[in-house]
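Trainee: Can you read through this structure? Questions will come right after.
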Amino acid sequence: MMKITLPFVTNLICACLVMCENAASESGTFSIDYKNDCFLKDGRPFQYISGSIHYFRIPRFYWKDRLLKMYMTGLNAVQIYVPWNFHEAMPGVYNFSGDRDLEHFLDLANQTGLYVILRPGPYICAEWEMGGLPAWLLQNPDIVLRSTDPDYLQAVDSWLAVLLPKVRPWLYSEGGNILSVQVENEYGSYFTCDYNYLRHLHNLFRVFLGEDTVLFTTDGNTDKEMACGTLQGLYATIDFGTDTNVSAAFDRQRRFEPRGPLVNSEFYAGWLDHWGDQHAQVDTNKVAGMLEEMLSMGANVNMYMFEGGTNFGYWNGADHDTRYRPVVTSYDYDAPLSEAGDPTDKLLAIKDIIKRFRAVPEGPMPPPTAKFAYGFVTLKKVGRMSSLLDILSPQGPILSPNLKTFEEMKRYYGYMLYRTKLPKMLHDKTPLISPLNGVHDRAYVSVNGVYQGLLERDTTLAVNVTGQQGDQLDIVVENMGRVNFGSKINDYKGLVSSLFLGSDVLTDWQIYSLDIDEVIASGWPHSGGLDLSLEPGSEAFDGPVFYMGTLEPMGLAWDTFLKLRGWTKGHVWINGVNLGRYWPQRGPQQTLFVPGPLLSGSQPNNITVLELERVSADARVLFMDRAQLNSAAGGS
């Protein structure tokens, strides 16, 4: 038997006091242990297993449901972007309420037991309109985005002076759940490679978030991207997917960050869709296998996306490599949680892998949200867009000898109508031409209300028209989403260069900024005052036409999916809320997600459709209980 002496007890108590004091002194800390190549949380090694979720693509009503499903999968963190343009739609006008309530989302994550990896930009990419940058920046035609351009920095400084003080109380060191904060985003992919810009942001983040906050960068798996996107004082992380050799990718991270934790900030568990693609799918076994490999190496992994959600309204972005390619409305991303937040087989496979590395919470996974097939609804014609301008543009047109862009008109999203007169008699079909590819992004052409055809960016630069001298030429232009990645994010919209009719330059324009969303949100066209007999239902109209209908209440307000078979391309609003674009003929997406909270189980639900080209004679829509995101074949 060991003999216990007083000196031994005294020494033991002293040692315990020292250990407790050290633990207390490191409580509420998150840091990088460069010696042992790991993160430290409260002084102890920490490995995060995270998933990306975008609060701005998911109705607030469902935030808690999605976060709980992520927690029950075994994740201990979520990664979120903050889109600047979602919160500052006009200079100096900030919105953090409702579906924009960032702090409420952070609080829900905290209540759920999830840490947060915050990516506040100012640029985020994310297949989001203009990569999260507000389009009003383009009012300065010479601005150089994502650089030390003084006008750009002034706007950035003003925005971050609002945002960063809001998130500081949520830092882990302040008692919150934000572990680390990204500075900019994949900056090495941008052409400017302006280290002074990164230094400016670094200093700004330090001023607002303190010296001890872990700040990091994320860049693609190439030397060029890592070289231009990293900066001393910002921890360099990398991103890659299942088509990559894990060891080679982390070796590249090590060349730029010799010591510290291995981090894949965007492990691609799925991929995005453009109109005309097949629906992207990433093999579940490859995702699970690579996740296991990375976790076995002690790496910290964030799965992008864990739930993608929906590009409601006009928020989808676009790519521009060889041509302009807009992103579809669904951001399902083939993610572990579907667009509607339902667990998939991929989620279950990921959960099985995580179980091998950390304890997964006990209890059942929350079930899929309830879905309902409400059936068919027949819509009535309201009228051609061109005949409704008194309602859609109550301020009337501006008169200009030359064309103006959306940005010049301060109509940043949606649609505008350009009107002029045919300058001469057209005896034969005459080409209306955009010789400098100046239609951004799609134009619907009519003469005296008769639809002539369309122009489309990069693909259709001319359309033949006929008419008499003095006939009214209307061109409705659709902004299909600004480029969100690469060097072409200065993406001006509208008719951005001159149009020619044969050899004549068209001038003397009436330009209508269309308040479509504002008018529909106020109750039009269901609020009355319309004589629908003016637009006979039996007459087929081509070109931009509004339709309306009602989904009668059934005592339920469950999620559903809207299919527009027989329709061509356009937008849908339910109870005044813009669901986004449909384009079933080009695909792959065939249905639009309708969240149950948008519906009423006791009152009629108003449906408004803007069809831009043509609809079949019956003008019916179908509410289904499942998504259809892949057409039989994508097409251009």
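The values are calculated or read from the model by the stated rules, or taken from the named source; none is laboratory data. Note that the coordinates shown come from a computational prediction; the quantities given were computed from them, not determined experimentally. Please note: Cβ atoms are built from the backbone with ideal geometry, for glycine as well, and neighbour counts cover all protein chains shown. For accessibility, only protein heavy atoms count, side chains too; no ligands or nucleic acids. Shrake-Rupley method; radii C 1.70, N 1.55, O 1.52, S 1.80 Å.
Trainee: By its C-alpha gyration tensor, with a ≥ b ≥ c as the square roots of the eigenvalues, how is the range 405-527 shaped: rounded for a/c under 1.5, else prolate for a/b larger than b/c, else oblate?
Mentor: Note, shape of the range 405-527 comes out oblate.
Trainee: In addition: May I ask you to compute the full-extension gain from Arg614 to Glu26, defined as 0.36 nm times their residue separation minus their alpha-carbon distance, rounded to one decimal in nm?
Mentor: Once the chain is fully extended between Arg614 and Glu26, it gains 205.2 nm.
Trainee: For the range 137-258, which whole percent of the accessible surface, found with a 1.4 angstrom probe, sits on carbon and sulfur atoms?
Mentor: Result for the range 137-258: 48 percent of the exposed heavy-atom area is carbon or sulfur.
Trainee: What FRET efficiency do you get for Ser158 and Lys380 if R0 is 45 Å and r is their Cβ-Cβ distance, rounded to the nearest 0.05?
Mentor: Efficiency, from the Cβ-Cβ distance: 0.45.
Trainee: Taking only the alpha-carbon positions of the range 208-324 and ignoring solvent, what does the Debye formula give for the base-10 log of I(q)/I(0) at q = 0.15 Å⁻¹?
Mentor: Rounded to two decimals, the profile gives -0.81.
Trainee: Report the antiparallel proportion of the DSSP beta bridges in the chain as a percent, rounded to a multiple of 5.
Mentor: The antiparallel proportion sits near 70 percent.
Trainee: At 7 Å along Cα-to-Cβ for each site, give me the label-to-label distance between Ala359 and Arg206 in nm.
Mentor: Simple spin-label model gives 4.0 nm for this pair.
Trainee: Find the relative contact order for the range 95-233 and round it to a whole percent, using C-alpha pairs within less than 8 Å whose residues are 6+ positions apart.
Mentor: Across the range 95-233, relative contact order equals 25 percent.
Trainee: Given Lys41/Lys64; Lys404/Lys493; Lys69/Lys351, which pairs have Cα atoms separated by over 19 Å?
Mentor: Where the Cα-Cα span goes over 19 Å, the pairs concerned are Lys41/Lys64.
Trainee: A further question on this structure: For Cα pairs less than 8 Å apart in space and 6+ apart in sequence, what is the mean separation divided by the residue count of the chain, i.e. the relative contact order in percent?
Mentor: That works out to 14 percent.
Trainee: Same structure again: Rounded to the nearest 5, what % of the DSSP beta bridges within the range 257-405 are antiparallel ones?
Mentor: 55 percent
Trainee: Also: Phe61 to Asp508: FRET efficiency via 1/(1 + (r/R0)^6), r the Cβ-Cβ distance, R0 51 Å, to the nearest 0.05?
Mentor: FRET efficiency, Phe61 to Asp508: 0.55.
Trainee: Rounded, prolate or oblate, given the Cα gyration tensor of the range 381-470, with a/c below 1.5 counting as rounded?
Mentor: oblate
Trainee: Would you mind classifying the range 126-230 by shape? Square roots of the alpha carbon gyration tensor eigenvalues, ordered a ≥ b ≥ c; an a/c under 1.5 is rounded, otherwise it is prolate if a/b is larger than b/c and oblate if not.
Mentor: Cα axes put the range 126-230 in the oblate bin.
Trainee: Report in % the part of the accessible area of the range 331-471 that belongs to carbon and sulfur, leaving out ligands and nucleic acids; probe 1.4 Å.
Mentor: After summing per-atom areas, the C and S share lands at 52 percent.
Trainee: Using 0.36 nm times the number of residues separating Glu174 and Ala462, minus their current alpha carbon distance, what extension gain do you get?
Mentor: 97.7 nm
Trainee: Straight-line reach from Lys35: which lysines have a Cα under 30 Å away, not including same-chain ones fewer than 8 places off?
Mentor: Cα-Cα hits under 30 Å: Lys224, Lys355.
Trainee: Here's a follow-up. On average, how much accessible surface per residue is there in the chain, in Å², for a 1.4 Å probe, leaving out ligands, DNA and RNA?
Mentor: Spelled out: the 1.4 Å probe surface of the chain, per residue, equals 39 Å².
Trainee: Could you give the nm distance between label points at Lys429 and Tyr34, where each point is 7 Å from its Cα heading toward the beta carbon?
Mentor: Spacing of the two 7 Å Cα→Cβ label points: 7.0 nm.
Trainee: What is the ratio of the Cα radius of gyration of the range 316-412 to 2.2 N^0.38 Å, with N the residue count, to two decimals?
Mentor: Relative to the 2.2 N^0.38 Å estimate, the range 316-412 comes out at 1.91.
Trainee: I've got another one for you. So if I take the alpha carbon set of the chain, get Rg, then get Rh from the Kirkwood formula, what is the Rg over Rh ratio?
Mentor: 1.03
Trainee: I would also like to ask the following. Counting only C-alpha contacts under 8 Å and six or more residues apart, can you give the relative contact order of the range 540-636 as a whole percent?
Mentor: Result for the range 540-636 is 43 percent.
Trainee: By how many degrees, between 0 and 90 and to the nearest 10, does the Cα long axis of helix 195-209 differ from the longest principal axis of the chain?
Mentor: 70 degrees
Trainee: Simple spin-label model, 7 Å along Cα-to-Cβ: Asp142 to Ala248 in nm?
Mentor: 4.5 nm
Trainee: Also, I was wondering about something else. Full-extension gain between Arg44 and Tyr195, please, as 0.36 nm times their residue separation minus the C-alpha to C-alpha distance.
Mentor: 51.0 nm
Trainee: While we're here: Using 11 Å as the cut-off for backbone N distance, which residues of the range 242-264 belong to the label zone defined by a point 7 Å from the Cα of Glu293 along Cα→Cβ?
Mentor: 242-250
Trainee: Output the 0 to 90 degree angle, nearest 10, between the alpha-carbon long axis of helix 345-354 and the longest principal axis computed from the alpha carbons of the chain.
Mentor: 20 degrees
Trainee: Roughly how tilted is helix 246-256, in degrees to the nearest 10 and between 0 and 90, from the longest Cα axis of the chain?
Mentor: Approximately 80 degrees, to the nearest 10.
Trainee: Could you work out what % of the accessible surface of the range 39-80 is carbon and sulfur, using a 1.4 angstrom probe and leaving DNA, RNA and ligands out of the count?
Mentor: Summing carbon and sulfur atoms, their accessible area is 56 percent of the total for the range 39-80.
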